Amino acid sequence: MLKDKTIVLGVTGGIAAYKSAYLASALKKQHANVHVVMTEHATEFISPLTFETLTNNRVTVEMFDRHFEYDVKHISLAKAADLMIVAPATANFIAKAANGIADDMLSTVFLAAKCTRLVVPAMNTAMYENPATQDNMAKLAGYGVKIIEPATGLLACGDEGKGKMPEPEELLEHILMECACDKDLEGLKVLVTAGPTQEAIDPVRYITNHSSGKMGYALARAARMRGAEVVLVSGQTALTAPAGVTVINVRSSQEMHDAVMEHAESSDMIFKAAAVADYTPLTVADHKIKKKDGEMVIELKRTADILGDIAKVRRDDQIICGFSMETENLIENSRSKLERKSLDLICANSLRTEGAGFKGDTNIITIITKDSITELGKLSKLETAQRIIDVASQMHMVREERSK
């Protein structure tokens, strides 16, 4: 996903520097060209040779390194970078960067870089919470630098609090969000639903389904990568929210309905990938229902029709995408839903097709519109999400052109 992208990774002198080696490795696996710039203090925590082995590029530490062929190294690196990330970033580095001090190679490259710059603070909690550090981070943010919040937990010094460097996987996600895709959805608001709903029977039991939420989360991630402002309304899942996405966690179909309707009118595209229960118990017991001899009957009532209610308030320029999981008559049933729910497109798949359906990392989707049927074949759910968004984005552009 980072093929032909140049990432400059700055490493400062903190114990979390060892995590940066994992980040460098992860970036290489995404086919990025990774250049590491270290402070002298950073080399006390981890050897430059580690990064050189992982990246196949010479590490830069000294301002005047005679081993390089002559060029103005801090300028050439700054110009080459598609993105620069400093992880970990000490309080000292943040203070220098905020005030334009360039007294070593890393701070000089950072000052010269015009690309997207990410700073990942990692330090003792007291240092992080110090008003001077907070002011310096606010100052950097005001200059357009993106600050990635540190995690909370047990620190190397033995204290517990905010100041841990996030895990490399999380930092990679931030980088992917910034430069993995063209930002063709910038300025648009996208609403996505994902996961199952849980319909309570009593305080212990509920009715649900097998949805993992992976398809909806992939859609939210893909839309955010393409620059959209994304709201994800999620049922209960075990998934990690994509970086930069606003997540609203819900349980019941009614909670999902209310959250969706709050954001529906302001959204430019809506992707309804959640597996919402069609029925919910007529009454919910206040206490756990005890087992008895004989059968038990639970009366059910219809849940709110989310897509139907969206249709009542939709704007003419909105694109609405539904999903259809079928076990038979895939095209016929899905096309009927497309028409009944006033959808622009519907993504249909069969539970009986290997590689499609719940919980897996792949999907086999057929995209149905009023005028076309497109079979995508077996793809990862992220690739599937990108293809779905391609269709929705094209429809949105056509509709915008017509409205001019």
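Cα centroids of the stretch 248-269 and the stretch 368-400: how far apart, whole angstrom?
Spelled out, the Cα-based centre of one part sits 22 Å from the other.
Taking 0.36 nm per residue of sequence separation and subtracting the Cα-Cα distance, how much length would be gained by fully extending the chain between residue 208 and residue 262, in nm to one decimal?
Contour length minus Cα-Cα distance gives 17.1 nm.
Pick out, from 367, 393, 241, the residue whose Cα sits farthest towards the positive end of the charge dipole of the chain, with +1 on the Cβ of Lys and Arg and -1 on the Cβ of Asp and Glu.
Final value for the positive-end residue is 367.
Roughly how many whole Å is it from the C-alpha centroid of the stretch 347-364 to that of the stretch 162-209?
Centre-to-centre distance over Cα atoms comes out at 20 Å.
For the stretch 1-160, report the accessible area per residue in Å² (1.4 Å probe, heavy atoms, rounded to an integer).
For the stretch 1-160, the solvent-accessible area averages 50 Å² per residue.
For the stretch 1-149, with equal point scatterers placed on the C-alpha atoms only and solvent neglected, what are the log10 I(q)/I(0) values from the Debye formula at q = 0.10, 0.15, 0.18 1/Å, to two decimals?
So the normalised log intensities are -0.31, -0.71, -1.04.
Does anything in the stretch 192-209 have its amide N under 17 Å from the 7 Å Cα→Cβ label point of residue 309, and if so which residues?
Once the point is set 7 Å along Cα→Cβ of residue 309, 192-194, 197-200 turn out to lie under 17 Å by backbone N, inside the stretch 192-209.
Among 51, 31, 119, which residue has its Cα positioned farthest towards the positive end of the charge dipole of the stretch 5-124, with +1 placed on the Cβ of Lys and Arg, -1 on the Cβ of Asp and Glu, and the dipole taken about the Cα centre?
31
Provide the gained length on full extension for the span residue 186 to residue 340, in nm with one decimal, where the gain is 0.36 nm per separating residue minus the Cα-Cα distance.
Here the answer is 52.3 nm.
Tell me, what ³J(HN,Hα) does each residue in the stretch 42-59 have, in order and in whole Hz, if you take phi through Karplus 6.51 cos²θ - 1.76 cosθ + 1.60 with θ = phi - 60° and put x for Gly and Pro?
Whole-Hz 3J(HN,Hα) from phi for the stretch 42-59: 4, 5, 6, 9, 8, 6, x, 4, 4, 5, 5, 5, 6, 9, 6, 10, 5, 7.
Assuming 0.36 nm per residue, please report the length gained on full extension of the stretch residue 351 to residue 63 beyond their Cα-Cα distance.
Computed gain between residue 351 and residue 63 is 97.7 nm.
What's the Kirkwood radius of the stretch 130-222 in Å, using all Cα pairs?
By the Kirkwood definition, the hydrodynamic radius is 17.6 Å.
Computed from these coordinates, which is Rg and Dmax of the Cα atoms in Å: (i) 22.8, 81; (ii) 29.4, 97; (iii) 25.1, 87?
(iii)
I'd like to compare 234-245, 279-290, 146-157: which one has the highest average count of other Cβ atoms within 10 Å, and what's the full order after that?
Put in order of decreasing packing, that is 234-245, 146-157, 279-290.
Looking at 287, 254, 267, which one has the Cα that reaches farthest to the positive end of the dipole of the stretch 242-296 (charges on Cβ: Lys, Arg +1; Asp, Glu -1)?
With unit charges placed on the Cβ atoms, the residue in question is 287.
Long-range amide H contacts for residue 201: which residues qualify at under 5 Å (H placed 1.01 Å from N, peptide plane, sequence gap of 5 or more or a different chain)?
206, 207
By DSSP, what percent of the beta bridges with both residues in the chain are antiparallel, rounded to the nearest 5?
Approximately 30 percent, going by the DSSP bridge assignments.
Give me the percent of the accessible area of the chain that comes from carbon and sulfur atoms, probe 1.4 Å, all protein chains in place.
That fraction is 49 percent.
Which value in nm describes the separation of the simple spin-label points at residue 372 and residue 29, placed 7 Å from the Cα toward the beta carbon?
About 3.5 nm separates the two model spin labels.
Could you tell me how far the Cα centroid of the stretch 279-331 sits from the Cα centroid of the stretch 93-154, in Å?
48 Å
Looking at the chain as a GNM with Cα springs under 10 Å, which of 183, 96, 291 has the largest mean-square fluctuation?
Comparing 183, 96, 291 in the GNM, the peak value goes to 291.
The values are calculated or read from the model by the stated rules, or taken from the named source; none is laboratory data. Keep in mind that what you see is a predicted model, and the values were worked out from it rather than measured. Cβ: placed from backbone, ideal geometry, glycine included. Neighbour counts: every protein chain shown. These area figures cover heavy atoms from the full protein model, side chains too; ligands, DNA and RNA do not enter into them. Shrake-Rupley method; radii C 1.70, N 1.55, O 1.52, S 1.80 Å.
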